[in-house]
1. I need the full set of residues from region 1-59 which are in contact (Cβ under 8 Å) with a residue 40 or more places away in the chain, in a loop (DSSP other than H, G, I, E, B), away from the ligand (no atom under 13 Å from the Cβ) and touching a helix residue (DSSP H, G or I) at 6+ places or on another chain (Cβ under 7 Å), in order please.
2. Among the numbered criteria (1) part of a helix (DSSP H, G or I); (2) without any contact (Cβ under 8 Å) to a residue 60 or more places away in the chain; (3) in contact with a helix residue (DSSP H, G or I) (Cβ under 6 Å, 6 or more places away or on another chain), which one does residue 66 miss?
Ligand code: 5GP
């Protein structure tokens with residue numbers, strides 16, 4: 001998606017440890033007009049699919065998922081990161097290893113909001129090692145729901161998540177795939193660049 005790639009090049013900040021900061025339009029301040037274009041793009045890419053729920057993970061996926069959900073005219077459920085050891089109530093749970101924070105946490109979704117009638121599109125801001133998506137896919141499976149696919153705003157193609165998700169047969173649509181980025185020269189190369 002050219003508009004997104006141009007914005008990443010213009011405003012993205014490459015940090016050490018293979019982290020791309022996009023706080024000015026995606027992860028802190030949010031450009032809702034851009035989100036709307038992202039929503040339309042996902043709607044186009046998944047036009048052949050029946051989708052009745054968007055699922056994401058807190059916190060940074062929520063804003064983008066809400067706008068995408070409006071384009072699909074379906075509700076959003078976000079998996080909560082559970083802070084306590086004792087999981088209360090009737091929930092599905094799975095474990096996720098965080099790329100940005102380097103720790104393991106549980107994610108939960110109330111059984112009330114995910115079930116066998118759901119045809120789910122997963123939405124997240126970044127795909128790095130794929131642990132967040134794998135955890136979400138596990139929740140979908142535990143709930144007996146159907147995983148239609150996953151929509152990612154920025155995939156870091158030089159990390160292994162994308163390959164692993166595709167290998168599992170999950171339909172993955174990433175709007176910008178970064179092939180490489182260099183902190184020193186501040187250059188970003190996208191996968192389908194000329
Ligand atoms: P994964 O589970 O695929 O390793 O990492 C995905 C999650 O880590 C995303 O939900 C995102 O919040 C965060 N993340 C991974 N890489 C980056 C990055 O380069 N920049 C930012 N801002 N977040 C990232």
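Read-outs: derived from the displayed coordinates by stated rules, not from any lab. Since the model is a prediction, treat every value here as computed from it, not as a measurement. Glycine gets a Cβ as well: all are built from the backbone with ideal geometry, and neighbour counts include every protein chain shown.
1. Just the residues of region 1-59 that are in contact (Cβ under 8 Å) with a residue 40 or more places away in the chain, to begin with: 1, 4-5, 8-9, 12, 14-16, 18-20, 22, 26-27, 38, 41-42, 45-46, 49-57.
Going one step further and asking which of them are in a loop (DSSP other than H, G, I, E, B), we end up with 1, 12, 16, 18, 22, 46, 49-52.
Cutting the leftovers down to away from the ligand (no atom under 13 Å from the Cβ) gives us 1, 46, 49-52.
1, 51 - these are the residues of region 1-59 that are in contact (Cβ under 8 Å) with a residue 40 or more places away in the chain, in a loop (DSSP other than H, G, I, E, B), away from the ligand (no atom under 13 Å from the Cβ) and touching a helix residue (DSSP H, G or I) at 6+ places or on another chain (Cβ under 7 Å).
2. (3)
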